[in-house]
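Enquirer: Let me give you the structure first, and then I'll get to my questions.
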Amino acid sequence: MYKIIAINPGSTSTKLAYYEDETCIFKTDIRHDAGEIKQYATIWDQFDYRLDAILHTLDEHGVDPATLSAVVGR
């Protein structure tokens, strides 16, 4: 079985979807406080902040990142 997450970072949210093979198991929008986002000059500077939010969300859904087959971004 393939386990895949798709990530779409936006201005104040990160959309995340988790698939097992072709079945979407869950989709969510991780909302980010606009004031917190403003402290970063570029989206690249937000990497650790967004990664922590993504890992927290995966943990809430019982998904172990070590078991992922692929991670894709848009």
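The values are calculated or read from the model by the stated rules, or taken from the named source; none is laboratory data. No experiment lies behind these values; they were computed from the predicted model shown. Note: ideal-geometry Cβ built from the backbone for every residue, glycine included; neighbour counts use all protein chains shown. Just so you know, the surface numbers come from the protein's heavy atoms only, side chains and all, with ligands and any DNA or RNA stripped out. Shrake-Rupley method; radii C 1.70, N 1.55, O 1.52, S 1.80 Å.
Enquirer: Select from the stretch 56-74 the residues that are open to solvent by 80 Å² or more (accessible area, probe 1.4 Å) and closer than 11 Å to I7 by Cβ and write down the one among them that is modelled with the lowest pLDDT.
Expert: Checking each candidate, the answer is R74.
Enquirer: Let me ask you something else. Look at A53 and say whether it is surrounded by 12 or more Cβ atoms within 10 Å (Cβ to Cβ), of a type in the set (G, A, S) and in contact with a Phe, Trp or Tyr (Cβ under 9 Å, 6 or more places away or on another chain).
Expert: So A53 fails the test.
Enquirer: Looking only at residues in the stretch 6-39 that are open to solvent by 60 Å² or more (accessible area, probe 1.4 Å) and either more than 26 Å from T67 (Cα to Cα) or aromatic (F, W, Y) (or both), which one is modelled with the highest pLDDT?
Expert: Y19
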